[in-house]
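One structure is given below, encoded as structure tokens.
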Amino acid sequence: MRTGAGALTNSWAKTLKQIRVPFPSLARVVELYAGESIVVIAAPGVGKTLFALNFAAQSGAKTLYLSADTSERNVSLNLAAMATGELKEDVKKAIKETNPDYREAIKDYEAEIRKAFPNLIVDNSPSISLEAVVQKSYALADIWGDYPELLVLDIATNIERPSDDYGSWDQLWNQIKMVARHLGCGVLVLHHVKEGYAANGNVAPQLSDGQYKPHKHLEIELGLYRPGPHEFRVIVLKNRDGKDQVTIPMVMDYPTATLIDNA
């Protein structure tokens, strides 16, 4: 009995580990624990990838970022701008082949990214296999001494599913939960809204707007939208252990790919 109780206590202790939510206004409402998942829904172009990159980079959590949707070039441009504070357009100019020093510029930016975000590993495979994600996490444990604290899956439609039928989405959401619990990490999964009034990205999505009903399975659901050209909003649509229907105003500085909390 004592062995069993000890094992239970150790297992429970792991689930009490918090993954830091880096934005104070959001952290006052949402807490992410090991073994839990957040799904982030938004229309295309609102800034799901920028939100996730800033979340991972600013959290300080050891992160495996699976970027099947966003190209390696765009992820690198965003990270270079975030690491240096330079405009993305200036980074683009510096690494163009027409610049005689472009090779050195690329090396310099890569060094700045590694220095600024040593906690972040980006994988740009064109599709995401959850089985492969687990294997990659095992490999990272040899480097970090433990599994990743945070997994980012960009984007849900690029994750391999058992089949193409509608019911396979229920299986996928449950598999994501299983991966989070198996590895003892937090998961941030990006997802599209379905067609409708929220698809233009300038009004707040509702809980039912996420394609294939992730809210029925995952612990937390956030919605992103841009009510104006320079405005960025995060709405807490589902929060199993806290308040929901809370809207948090933030600023997304798109030229430098940086998310700023208004707190």
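Residues that are modelled with pLDDT of 75 or more and of a type in the set (D, E, K, R) within region 4-30 comprise Lys17, Arg20, Arg28, listed in sequence order.
The condition (being modelled with pLDDT of 95 or more, in contact with a Lys or Arg (Cβ under 8 Å, 6 or more places away or on another chain) and not in a loop (DSSP other than H, G, I, E, B)) is satisfied by just one residue among Leu151, Leu188, Leu140: Leu140.
Taken over region 182-201, the criterion of being closer than 25 Å to Ile121 by Cα and surrounded by 17 or more Cβ atoms within 10 Å (Cβ to Cβ) is satisfied by Leu183, Gly184, Cys185, Gly186, Val187, Leu188, Val189, Leu190, His191, His192.
Scanning region 225-237 for residues being more than 14 Å from Phe51 (Cβ to Cβ) and either in contact with a Ser or Thr (Cβ under 8 Å, 6 or more places away or on another chain) or buried (at least 20 other Cβ atoms within 10 Å of the Cβ) (or both) gives a total of 1.
Of all residues assigned to region 81-94, at least one qualifies as being over 30 Å from Pro227 (Cα atoms) and not hydrophobic (A, V, I, L, M, F, W, C).
Among all residues of region 165-179, there is none that is assigned to a strand (DSSP E or B) and touching a helix residue (DSSP H, G or I) at 6+ places or on another chain (Cβ under 8 Å).
Suppose we keep only residues that are hydrophobic (A, V, I, L, M, F, W, C) and assigned to a loop (DSSP other than H, G, I, E, B) within region 75-107. Which one would you say is surrounded by the fewest Cβ atoms within 10 Å (Cβ to Cβ)? Spell out the reasoning first.
So the first thing to find is which residues in region 75-107 are hydrophobic (A, V, I, L, M, F, W, C), and the list is 75, 77, 79-83, 87, 91, 94-95, 105-106.
Checking the rest, the ones that are also assigned to a loop (DSSP other than H, G, I, E, B) come to 87, 95.
Numbers: Leu87: 15, Ile95: 20.
Among those residues, the one meeting the criterion is Leu87.
Quick check on my filter: what residues within region 112-129 are over 22 Å from Ser59 (Cβ atoms) and either surrounded by 13 or more Cβ atoms within 10 Å (Cβ to Cβ) or free of Cβ contacts under 8 Å to residues at least 24 places away in the same chain (or both)?
The initial filter retains those residues of region 112-129 that are over 22 Å from Ser59 (Cβ atoms), namely 125-127, 129.
Correct list: Ser125, Ser129.
For region 160-179, a tally of residues being within 12 Å of Ser129 (Cβ to Cβ), surrounded by 12 or more Cβ atoms within 10 Å (Cβ to Cβ) and either β-branched (Val, Ile, Thr) or in contact with a Ser or Thr (Cβ under 9 Å, 6 or more places away or on another chain) (or both) returns 3.
Within region 230-263, the set of residues being polar (S, T, N, Q) and closer than 15 Å to Val40 by Cβ comprises Asn239, Thr247. Summed over region 37-74, the residues that are β-branched (Val, Ile, Thr) and either more than 23 Å from Lys238 (Cα to Cα) or in a helix (DSSP H, G or I) (or both) give a count of 3.
Criterion applied to Tyr254, Tyr225 was being under 23 Å from Phe23 (Cβ atoms), at pLDDT 95 or above, within 18 Å of the chain's Cα centre (by Cα) and of a type in the set (Phe, Trp, Tyr), and the one residue passing it is Tyr225.
The values are calculated or read from the model by the stated rules, or taken from the named source; none is laboratory data. Quantities reported herein were computed from a predicted structural model and do not represent experimental measurements. Note: ideal-geometry Cβ built from the backbone for every residue, glycine included; neighbour counts use all protein chains shown.
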